[in-house]
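For reference, the structure I am asking about is given below.
The values are calculated or read from the model by the stated rules, or taken from the named source; none is laboratory data. Remember, predicted model here, so these are calculated numbers, not experimental data. Here the Cβ is made from the backbone with ideal geometry for all residues, glycine too, and neighbour counts use every protein chain on show.
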Amino acid sequence: MSSTTQTNTVSTPFFSKAATVAQPGFSRWMVPPAALAVHLCIGQAYAFSVFNGPLTKLIGVTQSAPDDWSLTTLGWIFSLAIVFLGLSAAFAGKWLEKVGPRRTMFTAACCFGGGFLISALGVHLHQIVLLYLGYGVVGGIGLGLGYVSPVSTLIRWFPDRRGMATGMAIMGFGGGAMIAAPLSVILMNHFKTDTSVGVAETFVVLGVAYFISMSIGAFAIRVPPADWKPEGWTPPETSNKMITRNHVHIDQALKTPQFYLIWLVLFLNVTAGIGILGQASVMIQESFKSTVTPAAAAGFVGLLSLFNMGGRFVWASASDYIGRKNTYYAFFAIGAVLYYLVPTFATTGNIVLFVLAYCLILSMYGGGFSTVPAYLADMFGTAFVGGIHGRLLTAWAAAGVAGPMLVNYIRAYEVANGVAKADAYTMTVHIMAVLLVIGFFCNLLVKRVDAKHHATQAQLSGN
């Protein structure tokens, strides 16, 4: 009797996958806020540039001293973070599926928050390697784990609205910078003294705050019971839509042409947008030199951020109705036309069409991020989608290098060869248009996954 009682009273470990299974009566609408609690934090990555100026004045305080870091030295912090985002998301995919979202999200909280604390120490000691390690490596791992784990959970809770669900969370990633940028400036001004720019203290506050918020999200997250589906919902017929009822194992997905085609689809869409996003302020000022002030250019960047964020929700939600493949057709076709026309808008002085074109392009850039998890779930099923999505994010890491390099180096080459700065982006945006045309045909080649790749019952049971 005592042994039976002892067995029944053994509790499930809090961080185990089994402990996150929702009980009867749990509302799936509690999951998006938990996902947002993580994505709004890690979205801070898009606002890291607000620290670049102050970090170049740690010693000089009011102006850069000879021993202060240069912008080129600091630029590697963000690049490392994006690279380790892609790598951690790729290599931790199997672990995520094994241990569940709670442990993964809490690990993300420790890494992302801890990365800020390591970076604060690096600022205090003026050791750039600690910023590379802290925000770049450790924080980047937190970015990757925090990015994929809520998304895969949302897809399982919303099989009827996959696009909308992932759009909600990934919109948070796009919007996180809108909170982080002004908050960081406020904190640096608060901690600033005659001998300090206030960056180290700001890193500590942000690290603690992000750890708490992300931990709340991790503790609140739940996964649906096996074979759960929304009340009254019937899975769509697969004969006329590219939505499978089967599942493909993570490792097997890498043996399908669909994975690499969708990898290229994401890579090309992101490459075409991310390089322009990083040069938006300079680009509009050089294109409309006599009419656009630095303040107006900053407003343009803010507007692009709004469309980047809004596009993540709007386009992903629209994909629930028009289909994931058709959504990407729209990204590539409309984007290619707009990129081709942008130089004409600049040379004719039509700033309204110039701004509208880039706003729409950036909405599709953001929409590409939020639509691809649902695209993967349609193609490979939901059982292993978190891990598959993680591996696909290597496309983001690659595009994060390729996009800025294309924009920066081609522009530099054009200017060095006597092309006016206002015209130096023409070749660049036309190359972007060509990349989007290539993406259109990659998307065209995506077909149903062959049945030979479907997971066996043993593989599903071991998930």
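I'd like to verify a number: residues in segment 161-183 that are part of a helix (DSSP H, G or I) and either surrounded by fewer than 24 Cβ atoms within 10 Å (Cβ to Cβ) or assigned by TED's automatic domain parsing to the domain that holds G310 (or both), how many?
10
Shifting gears a bit: Can you name the number of the only condition in (1) closer than 20 Å to I274 by Cα; (2) touching a residue at least 40 places away in the same chain (Cβ under 8 Å) that Y375 fails?
Only one criterion is unmet by Y375, namely (1).
Could I ask something else about it? So L117 clears everything in (1) in contact (Cβ under 8 Å) with a residue 40 or more places away in the chain; (2) surrounded by 24 or more Cβ atoms within 10 Å (Cβ to Cβ); (3) over 18 Å from the mean Cα position of the chain (by Cα) except one condition, right? Which one?
All conditions are met except number (2).
Looking only at segment 129-160, which residues are among the aromatic types (F, W, Y) and either in the same structural domain as I388 (by TED's automatic domain parsing) or out of contact with any helix residue (DSSP H, G or I) (no Cβ under 7 Å at 6 or more places or on another chain) (or both)?
none
Also, quick follow-up: Which of (1) free of Cβ contacts under 8 Å to residues at least 40 places away in the same chain; (2) closer than 29 Å to F369 by Cα; (3) aliphatic (A, V, I, L, M) is the odd one out, the single condition A81 does not satisfy?
Condition not satisfied by A81: (1).
Hey, another quick one. So, G299, is that one out of contact with any helix residue (DSSP H, G or I) (no Cβ under 8 Å at 6 or more places or on another chain) and either under 22 Å from V437 (Cβ atoms) or of a type in the set (D, E, K, R) (or both) or not?
no
While we're looking at this one, here's another question. Identify, by number, the condition in (1) closer than 21 Å to A181 by Cβ; (2) free of Cβ contacts under 8 Å to residues at least 12 places away in the same chain; (3) β-branched (V, I, T) that T72 doesn't meet.
The single condition T72 does not satisfy is (1).
Here is a follow-up. Suppose we filter A81, A92 for residues that are at pLDDT 85 or above and under 24 Å from the mean Cα position of the chain (by Cα); which single one remains?
A81
Among the residues of segment 196-208, is any within 27 Å of Y365 (Cα to Cα), touching a residue at least 24 places away in the same chain (Cβ under 8 Å), not polar (S, T, N, Q) and not assigned by TED's automatic domain parsing to the domain that holds M379?
No; the residues of segment 196-208 include none that is within 27 Å of Y365 (Cα to Cα), touching a residue at least 24 places away in the same chain (Cβ under 8 Å), not polar (S, T, N, Q) and not assigned by TED's automatic domain parsing to the domain that holds M379.
Also, I was wondering about something else. Those residues that are β-branched (V, I, T) and closer than 12 Å to L58 by Cβ, I need them from segment 119-155; list them, please.
V123, I128 - these are the residues of segment 119-155 that are β-branched (V, I, T) and closer than 12 Å to L58 by Cβ.
Among the residues of segment 353-404, count how many are among the polar types (S, T, N, Q) and within 13 Å of the chain's Cα centre (by Cα).
Going through segment 353-404 one residue at a time, the tally reaches 3.
Hey, another quick one. Would you point out the residue of segment 260-297, among those that are over 24 Å from the mean Cα position of the chain (by Cα) and among the polar types (S, T, N, Q), that is surrounded by the fewest Cβ atoms within 10 Å (Cβ to Cβ)?
The extreme case among them is S290.
Restricting attention to segment 301-330, report how many residues are of a type outside the set (G, A, S) and in contact with a Gly (Cβ under 6 Å, 6 or more places away or on another chain).
Adding up the residues that qualify gives 6.
Going by the structure shown, is P33 modelled with pLDDT of 85 or more, surrounded by fewer than 19 Cβ atoms within 10 Å (Cβ to Cβ) and outside any loop (DSSP other than H, G, I, E, B)?
yes
Okay, next question. If the Cβ limit is 6 Å and pairs must be 6+ apart or interchain, which residue in segment 252-279 that is modelled with pLDDT of 85 or more pairs with which residue that is among the polar types (S, T, N, Q) and buried (at least 21 other Cβ atoms within 10 Å of the Cβ)?
V265/N443
When you scan segment 70-82, do you find a residue that is over 30 Å from T193 (Cβ atoms), in contact with a helix residue (DSSP H, G or I) (Cβ under 9 Å, 6 or more places away or on another chain) and not basic (K, R), even just one?
Yes - at least one qualifying residue is present in segment 70-82.
Follow-up question, since we're still on this one. Give the residues of segment 411-434 that are hydrophobic (A, V, I, L, M, F, W, C) and either over 20 Å from A336 (Cα atoms) or modelled with pLDDT of 80 or more (or both), sorted by residue number.
A412, V415, A416, V419, A420, A422, M427, V429, I431, M432, A433, V434
Given the criteria at pLDDT 90 or above, buried (at least 16 other Cβ atoms within 10 Å of the Cβ) and assigned by TED's automatic domain parsing to the domain that holds E286, does Y365 qualify?
Considered against the rule, which asks whether it is at pLDDT 90 or above, buried (at least 16 other Cβ atoms within 10 Å of the Cβ) and assigned by TED's automatic domain parsing to the domain that holds E286, Y365 comes out as yes.
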